[in-house]
Structure formats: structure tokens, C-alpha cells
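> The structure that follows is given in the form of C-alpha cells.
The values are calculated or read from the model by the stated rules, or taken from the named source; none is laboratory data. Computed from a predicted model, the values in this text were never measured in an experiment. Neighbour counts are summed over all protein chains in view; Cβ atoms, including those assigned to glycine, are modelled from backbone coordinates with ideal geometry. Quick note on the areas: whole protein, heavy atoms, side chains included, nothing else; ligands and nucleic acids left out. Shrake-Rupley method; radii C 1.70, N 1.55, O 1.52, S 1.80 Å.
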Amino acid sequence: MAAAAAGTPQRCGPTTGEPLAAGGGGGETSLKADFERDGYLLIKGFASAAECSAMKDRMQELIGKWDPDKTLAPVFVTDEGQQLTNQGSSDYFLDSADRIHFFLEKDAAGDDGKLKPGLEKARSLNKVGHGLHVVDEVFKRYSHSDKVTNLVAELGWLDPVLPQSMYIFKQPMIGGEVTSHQDSSFLYTTPRPTCLGLWLSLDEATLENGCLWARPGSHLEPVRRLFVRNPKHFTERNTSAPQMVFEPLDADNKANEWEGKMPAGWQPPTSRGLYERGFKPLECEPGDLVVIHGQVDHLSLANTSPKHRETFQLHLVEGPARGVTWSDRNWLQYPAGKSFPSLRAERLQEQERKRKASALEG
């Protein structure tokens, strides 16, 4: 894969992986046009090596301060059979919306829900979420940076707000696969879905250690199902019922064959079944960014290599100024009276600050 010059982000084609030309005529295409065609972008060199290192170092500091003996940190899984059992029945999961909570890999938790004795906590985590962009200055600095704000604006989001952030580990040798899904299933807005994912690679992500796979054009398909708060639990107060359930929306979609699962024939080394269904691997170098439309079908395979593959992921949606409402059925809900951080508000504040500074200089 061709490397971009330092500090010069480039986007890549979905088929070749080679950098595409910057927009501007002569047959060249814009970021927005590429995104609207494929439903995703691979932008080379979006974040600097220093930014990536700062986030990785900060995460190790947070892990160092975390006491797993005092936390019932549930195992985080994405396969259809276990997702409702784990995330769908966990207060710790639901309460993580604007906090920093730690989630274990499969087989890392004992019967008491805590980290098994003798396991290294830093090598047993699946992810940390979901409010890093709210409460931690290092992750907040990147999440609210000009580069993020400008990119989102270029793609057409006019009132973007940030509901969620996640630090994903994909641990060497044990990092599990992430099954086929659409982000809008979990982060839904009305009257239309508006979710956008920003997947920042902090390490090299390859076929060997579980890079992302996406299916170009699948963003034109409807949302297949929703992960929603179960009215039997929250409205009818039946505490034996799961907190979250999946609600099917598009029962006739061919992709339901592998929704919440892995397509037949996905297994490496050939992963022939993924290619046959149109999925393409998105290999990344540290600092590369994958931009993901909320309806794009995507997944990743397990990391069976000795190599790290850590990522920091942001998810944003359009806010109320665009007539868009965050669904009150979503799992993720901030405490009453607390709003999602607004990139638009910060952009306007920064423009006003610069205007006043310019006026003073004049």
C-alpha cells in the first residue's frame, strides 16, 4: 500500500488501496463524491505519529488506574447468540455512555464477572468506552480537533454531535472477530439514520491481525435491524426480561443471511466467502482513518497474530439543528439534561474567537 507523505492525508480507492487524487476537476473526485459512491473512505495519514502515541500512552495510564477487582466488567461480544446476554443485560454497559468503562475479552472473566486471577489486565481487555471524548483530555483533543470537524463538514454533516467513542484493542492472539453489522443499528436517529463512524488506526491493521472489511455500496441498503431498549424491561418493569433486544426492520435483505454473524466461507487464509459477497479488506498504517457510513456492512476477523491492532473510534450523528432526533430507544442515553458534545457549536466558537482576535490585531 502506498504511503502518504507525513502530514498530507490522502484517500484510497476501495479496490486498489492506492491513494486517490485530491478533488478539484480534471476527472478527479471529491471526498464527498467518493464517500457517497462507496459508503466509506480510507484516508492515509489523517493523524500524526505523535497523536497516535499520545492516545496509546494515555490508554495505558487509564488501564493502570483501573482496579478490575472493584469492577464487574462484562465480556464484550458481537456475535448474535451472545450479544443480548452480555450487553443486553448489563447496567455497567448502559451506564458507560458518558463515562470510561472497561470491557473484557471472551474467557477473561470468571464466574463472578471479574477478571480471572493471574491474567494481565492490559492484555485482557476488548474495549474501553463510551465517553472517552467527553471526560479525557487526550481523547477529547483529537475528537474535537479541526481536522475532524473539517472532514465531517466536508462530507455534509451540518450539525454533528458526538454520542460515542471507543478504544478497541483486538488483542494479539486472542482478539475476537467483529461480526457483520451496520453502525446505525446501534446508534439510530429519526426521521432518518445519520450515523457516521471515524475509525482511526493506531497500529498497523492488516489481513494478518484483523483489519476492517467493508462492502462498497451497501450504505444504499436500509438499516436491517435495531438494537433497542426492551419495553418489557423498562416500561413493564419485568426485570427478568433482557434490557436490550433486536428489532428486525428489513427482513427481505439478502445480507440478513450473515447479519450478526460471519458470511459463509469467511475463514482465513483465503476468506473467499467475504470476497464473493463483495467485502473488501481495508489495510491501514498507524494514523490512517476509515470513514464509515452508518449503513455500510462491515466486519473484522480475529487477530491470531502476535501483533497489536488498536484503534480509536468516534461515532457522530446529525443534531437537532438539522431536525434530527436521537432515538430514545437506543441503548446509549446520556443523563437527563446532558447533551451530546456538538462539533458545530465548537466550530462556531472557534470562528468567533478568531474573528475577535483578528479585530484586535487590526
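> Using log10 I(q)/I(0) by the Debye sum over Cα atoms at q = 0.06, 0.11, 0.13, 0.15 Å⁻¹ as the read-out, say which of (i) -0.21, -0.75, -1.08, -1.50; (ii) -0.44, -1.08, -1.19, -1.28; (iii) -0.31, -0.91, -1.10, -1.25 was calculated from these coordinates.
(i)
> Below 12 angstrom from the Cβ of Ser305, what's the summed charge of the other residues (Lys, Arg +1; Asp, Glu -1)?
Taking every other residue near Ser305 into account, the sum is 0.
> Set the bar at 28 Å for Cα to Cα. Now go through Lys106/Lys338; Lys147/Lys354; Lys127/Lys280; Lys32/Lys106; Lys32/Lys280; Lys32/Lys127 and name every pair that lies beyond it.
Lys106/Lys338; Lys32/Lys106; Lys32/Lys127
> Describe numerically, in nm with one decimal, the distance between label points set 7 Å from Cα along Cα→Cβ at Ala359 and at Ser240.
6.6
> Moving on to the next point. How much accessible area per residue does the chain have, counting only protein heavy atoms and a probe of 1.4 Å, in square angstrom?
45
> Any idea what the dipole of the chain comes to, in debye rounded to 20, about its Cα centre with Lys/Arg Cβ at +1 and Asp/Glu Cβ at -1?
Magnitude of the dipole: close to 500 debye.
> Report, please, the projected area of segment 203-362 averaged over directions, based on the convex hull of its C-alpha atoms, in nm².
Averaged projected area of segment 203-362's Cα convex hull equals 15.2 nm².
> Now, a different point. With no solvent and one equal point scatterer placed on each C-alpha of segment 98-249, evaluate the Debye formula and give log10 I(q)/I(0) for q = 0.21 Å⁻¹, two decimals.
-1.55
> Over segment 116-241, with every protein chain in place, what whole percent of the accessible area is carbon and sulfur at 1.4 Å, could you tell me?
54
> Say we join alpha carbon atoms closer than 10 Å with springs in a Gaussian network model of the chain; which of Leu196, Leu348, Leu151 then has the biggest fluctuation?
Of Leu196, Leu348, Leu151, the Gaussian network model singles out Leu348 as fluctuating most.
> Would you work out which of Ala108, Ser143, Ala122 lies farthest towards the positive end of the dipole of segment 99-148? Charges go on Cβ: Lys and Arg +1, Asp and Glu -1.
Positive-end residue among those listed: Ser143.
> Oh, and also: For segment 326-344 and segment 196-260, what is the separation of their Cα centres, given in Å?
A separation of 19 Å, based on Cα centres.
> Related question: What is the chain's relative contact order, in percent, from Cα pairs under 8 angstrom and six or more apart in sequence?
Result for the chain is 25 percent.
> Turning to a different aspect of this structure: Add +1 for every Lys or Arg and -1 for every Asp or Glu among the other residues with Cβ under 12 Å from the Cβ of Gly210, and state the total.
-3
> Next question. Before anything else, pin down the relative contact order of segment 100-253: Cα pairs under 8 Å, at least 6 apart, normalised by residue count, whole percent.
16
> Which FRET efficiency, nearest 0.05, do Lys338 and Ser305 yield, Cβ-Cβ r, R0 45 Å?
Working from the Cβ atoms, E equals 0.65.
> Could you work out the mean projected area of the convex hull around the alpha carbons of segment 208-289, in square nanometres to one decimal?
Averaged projected area of segment 208-289's Cα convex hull equals 8.1 nm².
> Next question. Mind putting a number on the dipole of segment 169-221 about its Cα centre? Charges go on the C-beta only, +1 for Lys and Arg and -1 for Asp and Glu, and I need it in Debye to the nearest 20.
Computed about the Cα centre, the dipole is about 240 debye.
> Excluding Lys127 itself, what net charge comes from residues whose Cβ is under 13 Å from its Cβ, given Lys and Arg +1 and Asp and Glu -1?
Charge balance near Lys127 sits at +1.
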